[in-house]
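Bear in mind these aren't lab numbers, they're just calculated from the coordinates by the rules spelled out. Here the structure is a predicted model, which is why all the values come from computation and not from measurement. Neighbour counts are summed over all protein chains in view; Cβ atoms, including those assigned to glycine, are modelled from backbone coordinates with ideal geometry.
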Amino acid sequence: MRVRNIYRKIVPITTIICAFGTMAAGPIKTFEQALQEHHIALTREALVAALQNSDPEVRSLAAAKLLVNDHALDTVQSVTSALAAEENINAKINIAWALGQVANDAGFDALQSICDDKALYIGVRTNAARYMLDMNRASCIDTVIDALQSTVPETGLSLAGRLKNLSGTQADQLLGLIVRTLNNPNPFVRIQATAALKELGTSSAIPAVEAAISAEQDENVRLAMQRNLTAMQQKNSR
């Protein structure tokens, strides 16, 4: 399930609350506003203390405020210690992301470890993969491939279109798995598959998309798929 981004952030599409559950609709908040709603002062001392708060959302927000907004590099050790002690997997992902924003290896290593942990729910692993991709690190490709082969392929399709620089066996496997989801019983997944193929811009997938559109019974789905096909064709005609 996709989670609504209600915090105003600096980094495109990454959401610091990706793992806190579906959030109610409402105005976009800054990290500061969210912390103040939790009655957390915005001083350096209070934010460092908040890394030990009982609420995982507060711990995540404190790490983001310190490193992403304030760029308080003197608190990296405190945030790294908080990451090492963190037991909530969702907060761990968010704290690792904050460290990654200041190019700290502990953050990247934690996200990679979560990507690679096949014992975790695939949605959790793809949250970590999304963060890595946001930071221009494509080392969680296997997570995307696992997601495409899972019972919730949409978690992988949301990222697959961003893996444009693959080659060889990995590229072939990724493309084959996306094409397979064109026949998924879920109409949302079928549309998302064409969207991923549109982003990849792979001309060899055009016949498969055309065939899927011809077989599609739902007019609204067919129209959405056709829009993505048209964009693919335009991209390949340049």
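Observations on the model:
- When the GluC sites (Glu not before Pro) in the stretch 71-162 are filtered for DSSP coil states and for at most 14 other beta-carbon atoms within 10 Å of their beta-carbon, the remaining sites are E87.
- Length-normalised contact order of the stretch 104-227 in % [C-alpha pairs under 8 Å, at least 6 apart]: 17
- Per-pair calculated FRET efficiency, R0 = 41 Å: I28 and R180 via Cβ, rounded to 0.05: 0.65
- Axis of helix 105-116 versus longest Cα principal axis of the chain: the two differ by about 40°, to the nearest ten degrees.
- Between K29 and Y7, R8, the built amide H atoms are under 5 Å apart, and every one of these is 5 or more places off in sequence or on another chain.
- Using distinct alpha-carbon pairs, which all enter the 1/r mean, Kirkwood radius of the stretch 126-230 in Å: 13.6
- Considering only G156, G168, G123, the Gaussian network model of the chain with Cα springs below 10 Å gives its largest mean-square fluctuation to G168.
- The angle between the Cα long axis of helix 89-100 and the longest principal axis of the Cα atoms of the chain comes to about 80 degrees, rounded to the nearest 10.
- Sorted largest first, the spans of the alpha carbon positions of the chain along the three principal axes are 61, 38, 36 Å.
- Pairs from K198/K235; K118/K198; K164/K198; K65/K164 whose Cα-Cα separation, in the structure shown, is over 20 Å: K118/K198; K65/K164
- Helix axis angle, 187-200 relative to the chain longest principal axis, alpha carbon, degrees: 90
- For F188 and L120, a Förster radius of 30 Å and the Cβ-Cβ distance give a FRET efficiency of 0.80, rounded to the nearest 0.05.
- H38/A171 FRET efficiency (R0 30 Å; Cβ-Cβ; nearest 0.05): 0.10
- Annotation for E45 and K164: the two label points, set 7 Å from Cα along the Cα-Cβ direction, are 4.9 nm apart.
- Based on C-alpha pairs under 8 angstrom that are at least 6 apart in sequence, the stretch 96-152 has a relative contact order of 28 percent.
- Maximal additional length on extending the K235-R137 stretch stands at 32.8 nm, based on 0.36 nm per residue less the C-alpha distance.
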